[in-house]
Amino acid sequence: MSRVALVTGGTRGIGAAISIALKEAGHKVAANYAGNDEKAKAFESETGIPVFKWDVSNYASCADGVAAVEAALGPVDILVNNAGITRDAMFHKMTPDQWLEVINTNLNGVFNMTHLVWTGMRDRNFGRVITISSINGQKGQMGQVNYSASKAGDLGLTKALAQEGAAKGITVNAVCPGYIATEMVKAIPEKVLNERIIPQIPVGRLGEPEEIGRIVTFLASDDAGFITGSTISANGGQFFV
Ligand code: CAA
C-alpha cells in the first residue's frame, strides 16, 4: 500500500538510501535536509524525491516543515527519524556546545518530529515511526559520550512511545546501524577506522546504506504490524544485545 513517508536527513548517506528504498516500495516520499543545498538539489533531480529544508533541532522549524510536506504530499503515515550529527571528542576535551548540538539534533530532533506527526497518526489509527539510532547508543563509544547518550536516549523514547502507540495502530521501532560506509564514518581518522574499528567487525567490512534502507522499508510495511518497541541491530556482528 502506498503511503506518505518523511525521512529526516533524507538526502545523504543512510537517509538517502532509506528515501530511495521507500520510494521503490511504492511510497510517496519527502526528504528533509538541513544544510547542503547543492547535494539536496542533486538528490531531488536524480531521484524525483522532493526535498524540504529545515533544522530538526528547532521545534518551530519542524512545525513549518511538516506543514509544507503535508500540503504537498498529504498526512505523514511513516516518519523516519534519521537526521543525526557527530561532534566526536574525548570527554575531557568535549565542549558544552559539542554536547548540546548533538543532543539537540539526535535526541530532541526525534522528539520534535515525532511529536508533530503523532496526533495525526493517532487520529487516523495508523502510523510508523522508525528512528535510526546506532550501535554506539547500545554499547557506548569512546570519543562519543554526546552521541552515545543521544542514541541511547532514542532507544528509551522508542520503547516508551511504542507502548503509547500500540492501541492506536502506530508502531515505533529503532534501527541500530553499525559502521556504515557514509561520509560520517569516512570522517573518522583513517588510522582509527582501519586499525581499530574495521577489525572489530566480524564480517570484515563496513555496512552499505542500502542494507539499512531495506530494514526500514520492512518496518514501514503492513507486514511489520506486530513489531513495535523493537531495536533491530545491523552491525556485521560487532555487538550483540
Ligand atoms: N575504537 C577504538 N579505539 C579508538 C576509537 C574507536 N572508535 N576512536 C579512538 N580510538 C583510540 C585511538 O586509536 C587512540 O588510541 P592510541 O592512543 O592507542 O593510538 C585513542 O583512542 C585516542 O584517539 P586519538 O589519538 O584519535 O585522539 P584524539 O583526541 O585526536 O581524537 C577522537 C579522539 C575524536 C575520538 C578520534 O579518535 C575519533 O574520531 N575516533 C572515532 C570515534 C568513533 O568511533 N566515532 C564514530 C563515528 S561514526 C558514527 O558515529 C556512526 C555510527 O552511528 C556508528
Legend entry - Matching residues in segment 181-192 - criterion: being more than 6 Å from the ligand (Cβ to nearest atom) and either of a type in the set (D, E, K, R) or open to solvent by 70 Å² or more (accessible area, probe 1.4 Å) (or both): Glu183, Lys186, Ala187, Glu190, Lys191
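Restricting attention to segment 77-93, and to residues there that are part of a loop (DSSP other than H, G, I, E, B) and more than 6 Å from the ligand (Cβ to nearest atom), which single residue is most open to solvent (accessible area, probe 1.4 Å)? Full working, then the answer.
First, pick out the residues of segment 77-93 that are part of a loop (DSSP other than H, G, I, E, B): 77, 82-90.
Next, only the ones that are more than 6 Å from the ligand (Cβ to nearest atom) stay: 77, 82-85, 87.
Working: Asp77: 26, Asn82: 22, Ala83: 22, Gly84: 29, Ile85: 40, Arg87: 88 Å².
Checked segment 77-93; the qualifying residue most open to solvent (accessible area, probe 1.4 Å) is Arg87.
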Legend entry - Residue list for segment 143-160, restricted to those being in contact (Cβ under 8 Å) with a residue 40 or more places away in the chain and either in a helix (DSSP H, G or I) or away from the ligand (no atom under 14 Å from the Cβ) (or both): Val145, Asn146, Tyr147, Ala149, Ser150, Lys151, Gly153, Asp154, Leu155, Leu157, Thr158, Lys159
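How many residues, within segment 193-233, are outside any loop (DSSP other than H, G, I, E, B), surrounded by 13 or more Cβ atoms within 10 Å (Cβ to Cβ) and within 11 Å of the ligand (Cβ to nearest atom)? Can you show your working first?
Looking only at segment 193-233, we keep the residues that are outside any loop (DSSP other than H, G, I, E, B), and these are 193-200, 207, 209-220, 222-224, 231-233.
Within this subset, residues satisfying the condition of being surrounded by 13 or more Cβ atoms within 10 Å (Cβ to Cβ) are 193, 197-198, 200, 207, 209-220, 224, 231-233.
Going one step further and asking which of them are within 11 Å of the ligand (Cβ to nearest atom), we end up with 193, 197-198, 200, 207, 212.
Count: 6.
Quick test for you: out of Ala63, Ala72, pick the one residue that is part of a helix (DSSP H, G or I), surrounded by fewer than 24 Cβ atoms within 10 Å (Cβ to Cβ) and touching a Pro at 6+ places or on another chain (Cβ under 8 Å).
Exactly one residue qualifies, and that residue is Ala72.
The values are calculated or read from the model by the stated rules, or taken from the named source; none is laboratory data. As the structure is a prediction and not an experimental result, all values here were calculated from the model. Positions of Cβ are generated from backbone atoms using ideal geometry, with glycine treated the same way; all protein chains shown enter the neighbour counts. With ligands, DNA and RNA removed, areas are computed over all heavy atoms of the protein, side chains included. Shrake-Rupley method; radii C 1.70, N 1.55, O 1.52, S 1.80 Å.
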